[in-house]
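To start, the structure itself, in structure tokens.
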Amino acid sequence: MVDHAATAHDAHHDHKPHGWRRWVYATNHKDIGTMYLVFAGLMFFVGGAMAMVIRLELFKPGLQFVDPQFFNSMTTMHALLMIFGAVMPAWTGLANWQIPLMVGAPDMALPRLNNFSFWILPFAFTILLSTLFVPGGGPAGGWTLYPPLSLQGGDSFPMVIFAIHLMGASSILGAINVIVTILNMRAPGMGLLRMPLFVWSWLITAYLLIAVMPVLAGAVTMLLTDHFFGTTFFTAAGGGDPVMFQHIFWFFGHPEVYILILPAFGIVSEIIPAFSRKPIFGYETMVYAIASIAFLSFIVWAHHMFTVGMPLAGQLFFMLSTMLIAVPTGVKVFNWSTTMWKGSLTFEPPMLFALAFLFLFSIGGFSGLMLAIVPADFQYQDTYFVVAHFHYVLVPGAIFGIMAGVYYWLPKWTSRMYDQTLAKWHFWLSAIFVNVLFFPQHFLGLAGMPRRIPDYAVQFTDWNMISSIGAFGFGLSQLLFPYIIWKCARAGQPAEARAWDGAHGLEWELPSPLPYHTWETAPSDALIAKGAEH
Amino acid sequence: MAFPVDDPERRRRIRRTALLFGLIAVAFYVAFIVLSIVRHASTDAPTPTLPRGTGEGREGAS
């Protein structure tokens with residue numbers, strides 16, 4: 001009788017809602033994680049289509065396909081969609097899926113808030129995308145929204161501001177949920193320094209989000225009042241200061257870069273040990289390095305604005321503090337390399353993406369160091385060199401990190417193994433084309449080609465053509481990604497509970513297929529100790 | 001073992017932590033607007049007397 005009652009109890013708990021109610025009223029962290037990831041994928045392709053328009057126009061000099069205003073809308077919208085619509089929701093999706101599984105919690109701490117955080121996003125991006133159809137077109141002043149240019153926007157202006165407020169609210173609520181979950185919902189015995197590095201990276205990312213998303217909200221609120229309510233925060237005519245907007249924006253903007261990249265550090269720190277069959281080298285130093293990077297991200301913002309003019313002491317401070325970031329980043333690269341040293345390496349798709357991350361993100365890091373040098377930055381500012389730099393950080397950095405994570409955990413989520421050959425094709429095509437796309441942009445920038453222009457001088461033609469060919473190749477090869485996932489979910493071969501033999505962590509101790517509710521009974525200390533072999 | 005989330009004390013801690021971080025977020029939002037107002041008030045710029053966009057009244061702004 002007792003067994004029967006227990007089974008009935010479990011069956012009740014494993015009951016999952018069906019139809020639209022399962023998604024609209026979702027409170028299960030796995031369902032919400034899936035919704036975030038699907039939404040991020042959708043935005044990735046919409047933002048990617050905009051990138052194709054940009055590269056198509058830049059294939060050769062002269063105006064071919066779009067007018068300059070629309071071109072500028074494309075660059076602005078591409079950035080907003082990729083940052084706030086693709087990368088950030090993808091990380092939140094991965095956090096939703098993985099954090100409860102990895103810390104031994106039955107769900108996120110605030111499931112209804114979790115639902116609310118997600119469902120804000122479709123409304124925010126519907127508003128943002130609909131600006132393309134209002135009189136005056138979409139926002140065209142760049143994602144940085146610098147006044148006075150952004151204040152001259154048409155009907156799209158208040159819609160963009162409202163959309164940014166909504167995205168910010170979603171991110172802040174999501175971050176609160178992550179912090180509360182990690183601080184209060186860890187299984188007994190899961191001490192902070194036993195947590196997987198992905199969880200650590202997200203905890204620190206969530207702190208960054210709480211600190212800087214409200215700053216962005218404050219900045220755009222002031223833009224709104226300048227535009228509609230007669231204030232002059234950033235209007236020189238009323239004694240305001242447009243440069244102050246840049247300070248406030250980049251106080252948000254630079255930590256934002258780390259919000260986009262720190263979870264990738266966490267994922268790579270999970271994958272490299274798994275496919276090297278060795279514990280991570282220097283677990284604690286990895287934690288301190290992530291925390292140091294997060295701290296330093298708050299004191300480097302003005303390196304984005306050296307050319308506005310600032311005292312020499314300010315230039316020196318921001319130059320040196322920026323260079324200091326190379327130290328903890330170097331610690332991380334050293335630890336990843338040392339983890340692989342004398343390991344039994346195999347090169348499945350997650351490891352390939354993690355290794356590409358390691359090499360290509362480092363290129364982005366080095367060009368970042370070049371940009372930190374004040375006199376050199378005067379030359380590079382607002383050129384394609386900057387475009388090349390941040391795309392190396394964000395595409396083979398953040399995007400490859402997300403892909404590595406999806407390929408790593410997909411067999412756990414679906415209990416099926418994906419087509420690894422196809423995934424390797426996806427990797428090699430992405431890795432080759434991303435370099436064809438972005439590496440020539442370094443040369444264009446050094447030769448003086450400015451960013452955010454639809455036309456250019458004829459001497460820049462060759463590298464632009466190569467870059468555009470890379471863009472089309474990269475864009476097309478990304479179509480493989482949803483196909484591989486769809487094929488896996490529909491007809492993949494059954495995967496073992498521990499899909500990768502070198503994988504450690506509580507999530508791999510759970511059975512496959514994953515029950516709808518997991519860790520309703522907290523994992524034992526022995527299980528936690530086994531998972532925390534780092 | 002029932003999971004500790006059912007524990008009322010745990011629930012209180014969750015609520016407290018969420019409120020704390022919510023308040024921190026609101027504080028950052030308000031603080032940056034207040035800082036901007038304070039900085040704006042400290043500059044002795046002339047109040048514009050003409051509609052914005054005319055280009056006049058900018059001389060003393062810097």
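A straight line joining the Cα centroids of region A:124-151 and region A:513-532 runs 46 Å. Label sites at A:PHE298 and A:ALA49, each approximated as a point 7 angstrom past Cα along Cα to Cβ, lie 4.1 nm apart. Packing around the peptides A:293-304, A:420-431, taken as the average count of other Cβ atoms within 10 Å per residue, puts them in this order, highest first: A:293-304, A:420-431. Along the axis of the charge dipole computed for chain A (Cβ charges of +1 for Lys and Arg, -1 for Asp and Glu, origin at the Cα centre), the listed residues A:GLY141, A:LEU260, A:LEU352 are led at the positive end by A:LEU352.
Put the Cα centre of region A:21-45 next to the Cα centre of region A:405-425 and the gap is 19 Å. If you look at the Cα atoms of region A:437-495, you get an Rg and a Dmax of 17.9, 55 Å.
Quick one: dipole size for chain A, taken about the Cα centre, charges +1 on Lys/Arg Cβ and -1 on Asp/Glu Cβ, in debye to the nearest 20.
Details: 22 positive and 26 negative charges, 117 e Å.
Roughly 560 debye for chain A.
Placing unit charges on the Cβ atoms of the charged side chains and taking the dipole of the protein assembly as shown about its Cα centre, the candidate lying farthest along the positive direction among B:LEU23, A:LEU101, A:ILE182 is A:LEU101.
Counting pairs of Cα atoms in the protein assembly as shown, how many percent are more than 43 Å apart?
Working: 35559 of 177310 pairs.
That tail contains 20 percent of the Cα-Cα pairs.
Averaged over the residues of peptide A:175-181, the number of Cβ atoms from other protein chains lying within 10 Å of each residue's Cβ is 4. Modelled spin labels at A:PHE347 and A:LEU369, positioned 7 Å past Cα toward Cβ, are 2.6 nm from each other. For region A:162-173, the Karplus equation 6.51 cos²θ - 1.76 cosθ + 1.60, evaluated at θ = phi - 60°, returns couplings of 5, 4, 5, 4, 5, 4, x, 4, 4, 5, 5, 5 Hz by residue, with Gly and Pro reported as x.
For the residues of A:244-253, the average number of beta carbons from a partner chain within 10 Å of their own beta carbon is 2. For region A:207-316, the Cα gyration tensor yields ellipsoid semi-axes of 38, 16, 9 Å (square root of five times each eigenvalue, largest first, whole Å). Over 25 Å apart at the Cα level, from the set A:LYS342/A:LYS487; A:LYS30/A:LYS487; A:LYS278/A:LYS424; A:LYS30/A:LYS342; A:LYS332/A:LYS487, are A:LYS342/A:LYS487; A:LYS30/A:LYS342; A:LYS332/A:LYS487. When each of the peptides A:346-358, A:459-471 is scored by how many other beta carbons lie within 10 Å of its residues on average, the order from highest to lowest is A:346-358, A:459-471. Other protein chain C-beta atoms within 10 Å of residue C-beta, averaged over B:18-26: 6. Could you give the length gained on full extension between A:VAL38 and A:THR144, defined as 0.36 nm per residue of separation minus the Cα-Cα distance, in nm? So the chain would gain 35.5 nm between A:VAL38 and A:THR144.
Compute the FRET efficiency between A:LEU132 and A:ARG452 as 1/(1 + (r/R0)^6), taking r as their Cβ-Cβ distance and R0 = 25 Å, and round to the nearest 0.05.
0.90
The per residue volume of the convex hull around the alpha-carbon atoms of region A:36-121 is 87 Å³.
What share of Cα pairs, in percent, lie more than 23 angstrom apart in region A:149-244?
Everything past 23 Å amounts to 44 percent.
The modelled label-to-label distance for the pair A:PHE472/A:GLN459, using points 7 Å beyond Cα in the direction of Cβ, is 2.7 nm. Net charge of the neighbourhood of A:GLY142, taken over other residues with C-beta under 14 Å away and scored Lys/Arg +1, Asp/Glu -1, is +1.
Amide H to amide H, with H built 1.01 Å from N, A:MET417 comes under 5 Å of A:GLN493, A:ALA495, counting only residues 5 or more places away or on other chains.
Towards the positive end of the charge dipole of chain A, with charges on Cβ (+1 Lys, Arg; -1 Asp, Glu), say which of A:MET449, A:LEU166, A:TYR25 has the farthest Cα. The one lying farthest along the dipole's positive direction is A:TYR25. Applying 0.36 nm per residue to the separation of A:LEU312 and A:TRP20 and subtracting their alpha-carbon distance, the gain on full extension is 99.2 nm. Inverting the pair-averaged 1/r between distinct Cα atoms of region A:491-534 gives 11.5 Å as its Kirkwood hydrodynamic radius. Take A:385-392, A:98-105 and order them by the average number of nearby Cβ atoms within 10 Å per residue, most first; the result is A:98-105, A:385-392. For region A:382-399, backbone phi angles converted through the Karplus equation (6.51, -1.76, 1.60; θ = phi - 60°) give residue-by-residue couplings of 6, 10, 5, 4, 5, 4, 4, 4, 6, 6, 5, 6, 8, 8, x, x, 5, 5 Hz, Gly and Pro being listed as x. Amide H to amide H distances under 5 Å link A:THR383 with A:ARG451, where only residues 5 or more positions off or on other chains count and H is placed in the peptide plane.
Angle of helix A:111-130 to the longest C-alpha principal axis of chain A, folded into 0 to 90 degrees and rounded to 10: 30°.
FYI, it's all coordinate maths here, none of it is from the lab. These numbers come from a predicted model, not from an experiment. With ideal geometry, Cβ positions are generated from the backbone for all residues, glycine too; neighbour counts draw on all protein chains shown.
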